[in-house]
Amino acid sequence: MDTIKELGEFELIDKIKTIFQQPTDALGIGDDCAIIPICNTHLLVTVDTLIENVHFFSDHPMEKLAEKAVNINVSDIVACGGVPKWAFLSLSLNPSMKIAQIEAFLESLRKTCAFYNIYLLGGNTTKDNKLSINITLIGDTDKPILRSTAKPNQDVYITGKIGCSACGFYAIKNKLSASDECLERFLSPKARTDLIDQIKPYATAMIDISDGLLQDAQHICSSSNVGMDIFLEKVNMCDDNNLDDLDKIAFGEDYELLFCAEQKDRSAILSISGVTLIGHTNNSKKLTLYNNGKIITPKKYGFTHF
Ligand code: ADP
Ligand code: MG
């Protein structure tokens, strides 16, 4: 094995984690955010990058791109049970980019930050052939929710609908028609800040679905050292016809929340609008996907870069 492609994204992250000693008084690599206890609270820090022709097409509307860049980071803060507060913006720009375009991007970024009460405190600006947007977002929480604290025999839930972003992307890429909902979910997904206060009292572990339902569920399994049974027929699935269910769940970019909770809280949780019970955790340490009673083995669990 001599290339990064052969090694794989998550093995590379594991390698980085073993090279750099991790602190004992803070949580570093391995969750949706780094978690730093400070002054009776916990700072949450996350960073995500969007690169032209990797994450978005060149004609992605600038306003939507700015909204997406903020929301994908807010989603990681929410997944740790927090509130976003401060942002840093790093831009790589092609010199031929029109000033009007960057102005449209910045105005939308301003509005989106204002919506979430986020202050932009700094950043970095460089030249590149491709547009790349990198946001570091800092938030805080009184009670962090981790990927690593699920226990066997708990329920597994997701918020919202899965697969709309996949279908929006597929339609744009192949010049097909799609519902406004699918297009919007790919072009400008929204973090679930609307649900976090209701979920937080119950969630024993949580992750946001950015890379695919199964892949992100698998992160909870490996971090928490539990197994999971997930029932495909229970997933609230996007009803677009262009992709099948396995492709819908493997694309990611849903930015919904996947969380575990004690069975005793089931009726309280199911009274939260937009939350669906899709499975449970167990002792098996492996994730099993069922579809109407049959075990299925998907070829792809989710998106990886290499
Ligand atoms: P998410 O999808 O929630 O943004 P990622 O899969 O990107 O999470 O990252 C998982 C964990 O690995 C996070 O804790 C992140 O900070 C860490 N990580 C990813 N890439 C690197 C890197 N190049 N160096 C150090 N840590 C990294
Ligand atoms: Mg995440």
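The values are calculated or read from the model by the stated rules, or taken from the named source; none is laboratory data. Here the structure is a predicted model, which is why all the values come from computation and not from measurement. Positions of Cβ are generated from backbone atoms using ideal geometry, with glycine treated the same way; all protein chains shown enter the neighbour counts. SASA here: full protein model, heavy atoms, side chains in, ligands and nucleic acids out. Shrake-Rupley method; radii C 1.70, N 1.55, O 1.52, S 1.80 Å.
Could you grab me the full set of residues in the stretch 200-209 that are open to solvent by less than 60 Å² (accessible area, probe 1.4 Å) and more than 23 Å from THR297 (Cβ to Cβ)?
If the condition is that a residue be open to solvent by less than 60 Å² (accessible area, probe 1.4 Å) and more than 23 Å from THR297 (Cβ to Cβ), then LYS200, ALA203, THR204, ALA205, MET206, ASP208 are the ones that fit.
Of the residues ASP197, ASP229, which single one is under 26 Å from GLY30 (Cα atoms), modelled with pLDDT of 95 or more and outside any helix (DSSP H, G or I)?
ASP229
Sort out which residues of the stretch 93-110 are touching a helix residue (DSSP H, G or I) at 6+ places or on another chain (Cβ under 8 Å) and either open to solvent by 50 Å² or more (accessible area, probe 1.4 Å) or acidic (Asp, Glu) (or both), and write them in order of number.
Selection gives GLN101, LEU106, GLU107.
Report yes if ASP76 is crowded, with 16+ Cβ neighbours inside 10 Å and either touching a residue at least 60 places away in the same chain (Cβ under 8 Å) or away from ligand 1 (no atom under 13 Å from the Cβ) (or both), otherwise no.
Yes; evaluated as a whole, the condition is true for this residue.
Going through the stretch 8-44 one residue at a time, which ones are of a type in the set (A, V, I, L, M, F, W, C), open to solvent by 40 Å² or more (accessible area, probe 1.4 Å) and more than 16 Å from ligand 2 (Cβ to nearest atom)?
Within the stretch 8-44, LEU12, ILE16, ILE19, PHE20, ILE36, ILE38, CYS39, LEU43 meet the criteria.
Quick one: in the stretch 111-127, of everything that is more than 22 Å from the chain's Cα centre (by Cα) and open to solvent by 40 Å² or more (accessible area, probe 1.4 Å), which residue is farthest from ASP32 (Cα to Cα)?
LYS127
Among the residues of the stretch 243-280, which ones are over 22 Å from LYS200 (Cα atoms) and either without any contact (Cβ under 8 Å) to a residue 40 or more places away in the chain or part of a strand (DSSP E or B) (or both)?
If the condition is that a residue be over 22 Å from LYS200 (Cα atoms) and either without any contact (Cβ under 8 Å) to a residue 40 or more places away in the chain or part of a strand (DSSP E or B) (or both), then ASP244 is the only one that fits.
Let me confirm something: among GLU233, GLU184, which residue is surrounded by fewer than 20 Cβ atoms within 10 Å (Cβ to Cβ) and under 15 Å from GLY279 (Cα atoms)?
Result: GLU233 is the single residue among GLU233, GLU184 that is surrounded by fewer than 20 Cβ atoms within 10 Å (Cβ to Cβ) and under 15 Å from GLY279 (Cα atoms).
When only residues in the stretch 144-166 that are among the polar types (S, T, N, Q) and assigned to a loop (DSSP other than H, G, I, E, B) count, which is surrounded by the most Cβ atoms within 10 Å (Cβ to Cβ)?
Across the stretch 144-166, the extreme among qualifying residues is GLN154.
Out of LYS68, LYS111, report the one residue that is under 30 Å from ALA203 (Cα atoms) and in a helix (DSSP H, G or I).
Among LYS68, LYS111, only LYS68 is under 30 Å from ALA203 (Cα atoms) and in a helix (DSSP H, G or I).
Any idea which of (1) without any contact (Cβ under 8 Å) to a residue 40 or more places away in the chain; (2) surrounded by 14 or more Cβ atoms within 10 Å (Cβ to Cβ); (3) of a type outside the set (Gly, Ala, Ser) is the one ILE51 doesn't satisfy?
Here ILE51 clears every test but (1).
Does GLN218 fit the bill of being open to solvent by 50 Å² or more (accessible area, probe 1.4 Å), modelled with pLDDT of 95 or more and within 13 Å of ligand 1 (Cβ to nearest atom)?
Judged against the criteria, GLN218 is a match.
Condition test on LYS130, is it open to solvent by less than 70 Å² (accessible area, probe 1.4 Å), charged (D, E, K, R) and touching a residue at least 24 places away in the same chain (Cβ under 8 Å)? Give the steps one after another, and end with the answer.
Working: open to solvent by less than 70 Å² (accessible area, probe 1.4 Å): no; charged (D, E, K, R): yes; touching a residue at least 24 places away in the same chain (Cβ under 8 Å): yes.
No, not satisfied.
Could you check how many residues of the stretch 187-242 are in contact (Cβ under 8 Å) with a residue 12 or more places away in the chain and either within 16 Å of ligand 2 (Cβ to nearest atom) or of a type in the set (S, T, N, Q) (or both)?
Residues that pass the stated criteria total 34.
Among ASN242, ASN225, ASN283, which is the only one that is more than 16 Å from ligand 1 (Cβ to nearest atom), within 29 Å of ILE172 (Cα to Cα) and open to solvent by 60 Å² or more (accessible area, probe 1.4 Å)?
Of ASN242, ASN225, ASN283, the one residue that is more than 16 Å from ligand 1 (Cβ to nearest atom), within 29 Å of ILE172 (Cα to Cα) and open to solvent by 60 Å² or more (accessible area, probe 1.4 Å) is ASN242.
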